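Participant: Before we start, here is the structure in question, set down as structure tokens.
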Ligand code: ADP
Ligand code: ZN
């Protein structure tokens, strides 16, 4: 039986949904114009007033907002509600530079938590479930978001935060956790530790995992599903737009439904800003529709993905986004070739290695170098030097076939690459240091 958290919204007739978005957009633009001088100035520079935005068809007229705008307006330049009405802040992880601070009223928190509740129910959760949240709690949105969603659904919530992996497993067993929420890299680490402690999927009660906050491949999904004996669901979000739950996967596992009653999604050409039709790869842009404290219009996420409006068998009518291929600023250009870390991850896992790897890029004598470090499994570790060299050669050939450029492979001892309890740092680009 398919269950939704808010069926009337999640399965709303598409035409009605467009109508709802139009009405909310008009209201949201006026709210921003009235309360955010920073954005009002941007609109004035384009000769716009709120009267120019009568509905969805006028969205394209609005100026974009970028992460640089958020940094420039830091800390309160985009605040659209009096501080006395705000009840909370969260902040980005700072993966790509200076942190951004987002503000929430109670209404904004409820809206965000409802999005996470939808995600938990889409993963098969209900009030009988025990949800173990090991995303970090604190400024990072992961912990607070899934925690709030779990409360809304009525699950028993284990607010573990990240780290202390042995204790995570102890609680998972003792309290019979059924749904695990964390980053995919931490889920892989928990799976690895479970097996090291001599347990297997049959010793725990987990049935599903809700993993996000960083890119992960289908190969990684299969690995985690096997090691924990669960179905693994993707969840996407960003602090600027609210946090996790902006979109989430359903039982079909073919993309994440974007909560379109709260956020409009567009795909643009990142170079020209031109809006692209559904089905084309481009940069994801969000417009919030009913936020009070931190409403952003046409915010450029820098995440690259594809939108699909194909009917989904789960019954939800909201548009689906593909897994982000990576951030536009994650993409490395090595010897003139575009390389995403996810492509390398796909090859490594397909060749039977663990998702413990590190990519190092440098420039030596004006030529880019690509070094990939990946762990041998304990069984492979007893191989002779010659066997290890043969493995490195085979792996280098497989990566070359994927990327079109040849890496230098380094097979290293088991456990020698640092595990991640939050967002994994997999790439070290030393070229930036020479600039
Ligand atoms: P930061 O930008 O500092 O990492 P956030 O913690 O708000 O701040 O992270 C949001 C970003 O994390 C997104 O823009 C996206 O790049 C990445 N992200 C979040 N969820 C996913 C996911 N499911 N798959 C891939 N990337 C994701
Ligand atoms: Zn669906």
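A short reminder: the numbers here are calculations on the coordinates, not readings from a lab. As the structure is a prediction and not an experimental result, all values here were calculated from the model. Glycine gets a Cβ as well: all are built from the backbone with ideal geometry, and neighbour counts include every protein chain shown.
Participant: Obtain the nm distance between the two label points defined at residue 126 and residue 58 by a simple spin-label model: each point lies 7 Å from its Cα along the Cα-to-C-beta direction.
Facilitator: Computed distance between label sites residue 126 and residue 58 equals 4.5 nm.
Participant: If I model a spin label at residue 281 and residue 91 as a point 7 Å from the Cα along the Cα→Cβ vector, what separation in nanometres do I get?
Facilitator: Here the answer is 3.4 nm between the modelled labels.
Participant: Please tell me the relative contact order of the chain in percent, rounded to the nearest whole number, where contacts are Cα pairs under 8 Å and at least six residues apart.
Facilitator: Taking the mean separation of contacting Cα pairs over the length of the chain, I get 14 percent.
Participant: Among 342, 247, 162, which comes first, second and so on when ranked by fewest other beta-carbon atoms within 10 Å?
Facilitator: Arranged by neighbour count, lowest to highest, 342, 247, 162 become 342, 162, 247.
Participant: Right, next: With springs only between Cα atoms under 10 Å apart, run a GNM on the chain and tell me which of 381, 373, 140 wobbles the most.
Facilitator: Result for the chain, Cα springs under 10 Å: 381 fluctuates most.
Participant: On to the next question. Kindly put 32, 246, 281 in sequence by how many other C-beta atoms sit within 10 Å of each C-beta, fewest to most.
Facilitator: Lowest to highest Cβ neighbour count: 281, 32, 246.
Participant: Radius of gyration and Dmax for region 332-429's Cα atoms, expressed in Å?
Facilitator: Expressed in Å, the Cα Rg and Dmax of region 332-429 come to 13.3, 39.
Participant: Pick out which of 277, 215, 324 has the largest mean-square fluctuation in a Gaussian network model of the chain, springs linking Cα atoms closer than 10 Å.
Facilitator: It is 277.
Participant: Could you work out how far helix 14-35 tilts from the main Cα principal axis of the chain, as a 0 to 90 degree angle to the nearest 10?
Facilitator: Rounded to the nearest ten degrees, it is 70.
Participant: Is it possible to state the helix-based mean residue ellipticity at 222 nm for the chain, with each DSSP H run of 4+ residues giving -39500 (n - 2.57), the sum divided by total residues, to the nearest 500 deg cm²/dmol? What is it? Don't skip to the end; give the middle numbers.
Facilitator: Numbers: 12 runs with 138 residues, N = 435.
Calculated mean residue ellipticity at 222 nm is -9500 deg cm²/dmol.
Participant: Using only Cα atoms, figure out Rg for region 306-359 and give it as a multiple of 2.2 N^0.38 Å. It would help to have the intermediate numbers written out before the result.
Facilitator: Values: Rg = 15.6 Å, N = 54, 2.2 N^0.38 = 10.0 Å.
After normalising by residue count via 2.2 N^0.38 Å, the value is 1.55.
Participant: Could I ask something else about it? Would you work out the Kirkwood radius for the chain? I mean one over the mean of 1/r across all pairs of different Cα atoms, in Å.
Facilitator: For the chain, inverting the mean 1/r across all distinct Cα pairs yields 22.8 Å.
Participant: Can you give me the distance in nm between label points at residue 197 and residue 428, each placed 7 Å from the Cα along the Cα-to-Cβ direction?
Facilitator: Between residue 197 and residue 428, the simple spin-label model gives 3.1 nm.
Participant: Taking Rh as the Kirkwood radius computed over C-alpha pairs, what is the Stokes-Einstein D of region 1-78 at 10 °C in a medium of viscosity 1.306 mPa s, expressed in µm² per second?
Facilitator: Values: Rh = 14.5 Å.
D = 110 µm²/s.
Participant: Between residue 322 and residue 402, what's the calculated FRET efficiency when r is the beta-carbon distance and R0 is 25 Å? Round to 0.05.
Facilitator: For R0 = 25 Å, the calculated efficiency reads 0.85.
Participant: Let me ask something else. Express the relative contact order of region 165-239 as a whole percentage, based on alpha carbon pairs under 8 Å and six or more residues apart in sequence.
Facilitator: Working: 98 pairs, mean separation 26.2, N = 75.
Contact order relative to length: 35 percent.
Participant: Please state the relative contact order of region 332-429 as a whole percent: Cα pairs under 8 Å, 6+ residues apart?
Facilitator: Reported relative contact order: 34 percent.
Participant: Considering region 235-288, what Rg and Dmax in Å follow from its alpha-carbon atoms?
Facilitator: Just the Cα atoms of region 235-288 yield Rg and Dmax of 11.8, 36 Å.
Participant: For the pair residue 51 and residue 412, what calculated FRET efficiency results from E = 1/(1 + (r/R0)^6), where r is the Cβ-Cβ distance and R0 = 60 Å, to the nearest 0.05?
Facilitator: FRET efficiency, residue 412 to residue 51: 0.45.
Participant: With Rg and the Kirkwood Rh both taken from Cα atoms, where does Rg over Rh land for region 101-189?
Facilitator: 0.97
Participant: Once both axes come from the Cα atoms, what is the angle between helix 341-350 and the longest principal axis of the chain, in degrees from 0 to 90, rounded to 10?
Facilitator: Helix 341-350 sits roughly 40 degrees off the main axis of the chain.
Participant: Springs between alpha-carbon atoms under 10 Å, Gaussian network over the chain: tell me which of 135, 189, 199 tops the mean-square fluctuations.
Facilitator: Of 135, 189, 199, the Gaussian network model singles out 199 as fluctuating most.
Participant: Which angle from 0 to 90°, rounded to the nearest 10, does the C-alpha axis of helix 184-196 make with the longest principal axis of the chain?
Facilitator: 40
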